[in-house]
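**Student:** What follows is a single structure, and I will ask about it in a moment.
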């Protein structure tokens, strides 16, 4: 797929990584739709993209729901044209352990559904309705550094599983699905640390998946 001729939707666009991805694709002459629930951070990303000379529109969501996300894609279609790419950026904490409290489980699972499934579903229906040979790229968000007892392994497993199953489900419609995962870094004190807020190798990986027409159902791992 030619990035310069694509309409690319980026979720969590107000985050540092979302902003960096938006700037990157704007510089490649894509038409970029910026999506976030935090209006002020979204405006910051929009201003930054406009300074870089990009073509972008911002779309603020009041909440993540089936209805709101469906309306979002319709609005993007009206303003920018048919959607070609969804950068499905999941900005959430790690999945809890099986013995975590009920409150923790309820909130985290809700985040997973909102940031992965609902946006993926909205994009897939939108591409199907308009006959687009689109691309969905799943990327987990990176939050503050965690202690040794916490891990992104379970979260990464969600990305892997959904990426593979969605790719099989959407193969008949020529909609590709890929994923980019962060690689952990280990320090001498025994704690596990993760990449900082912006990992440019993950952004390069997302662009590679979009451009490579044979890439689907697979995962790229960002370099350390």
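The values are calculated or read from the model by the stated rules, or taken from the named source; none is laboratory data. Predicted, not measured: the structure shown is a model, and the values here were computed from it. As a convention, Cβ positions derive from the backbone with ideal geometry for all residues, glycine included, and neighbour counts pool all protein chains shown.
**Student:** Select from the range 14-52 the residues that are closer than 19 Å to residue 81 by Cα and in a loop (DSSP other than H, G, I, E, B) and write down the one among them that is nearest to the chain's Cα centre (by Cα).
**Tutor:** 30
**Student:** Looking only at residues that are touching a helix residue (DSSP H, G or I) at 6+ places or on another chain (Cβ under 8 Å) and over 12 Å from residue 9 (Cα atoms) in the range 20-40, which one is surrounded by the fewest Cβ atoms within 10 Å (Cβ to Cβ)? Full working, then the answer.
**Tutor:** Residues of the range 20-40 that are touching a helix residue (DSSP H, G or I) at 6+ places or on another chain (Cβ under 8 Å), as a first pass: 20-26, 28-36.
With the extra rule that they be over 12 Å from residue 9 (Cα atoms), the set shrinks to 20, 23-24, 28-29.
Numbers: 20: 18, 23: 19, 24: 21, 28: 17, 29: 15.
That would be 29.
**Student:** Here's a check for you: in the range 158-178, which residue that is outside any helix (DSSP H, G or I) and touching a strand residue (DSSP E or B) at 6+ places or on another chain (Cβ under 8 Å) is nearest to residue 128 (Cα to Cα)?
**Tutor:** If we take residues in the range 158-178 being outside any helix (DSSP H, G or I) and touching a strand residue (DSSP E or B) at 6+ places or on another chain (Cβ under 8 Å), then 175 is nearest to residue 128 (Cα to Cα).
**Student:** Which condition does residue 97 not pass, out of (1) assigned to a helix (DSSP H, G or I); (2) out of contact with any strand residue (DSSP E or B) (no Cβ under 8 Å at 6 or more places or on another chain); (3) modelled with pLDDT of 60 or more, if it passes all the others?
**Tutor:** (1)
**Student:** A follow-up question, please. Kindly check whether there is at least one residue in the range 61-80 that is in a strand (DSSP E or B), touching a strand residue (DSSP E or B) at 6+ places or on another chain (Cβ under 8 Å), surrounded by 13 or more Cβ atoms within 10 Å (Cβ to Cβ) and modelled with pLDDT of 65 or more.
**Tutor:** No, every residue in the range 61-80 fails to be in a strand (DSSP E or B), touching a strand residue (DSSP E or B) at 6+ places or on another chain (Cβ under 8 Å), surrounded by 13 or more Cβ atoms within 10 Å (Cβ to Cβ) and modelled with pLDDT of 65 or more.
**Student:** Would you say residue 139 is closer than 18 Å to residue 64 by Cα, at pLDDT 85 or above and not in a loop (DSSP other than H, G, I, E, B)?
**Tutor:** On the way: closer than 18 Å to residue 64 by Cα: yes; at pLDDT 85 or above: yes; not in a loop (DSSP other than H, G, I, E, B): yes.
So residue 139 passes the test.
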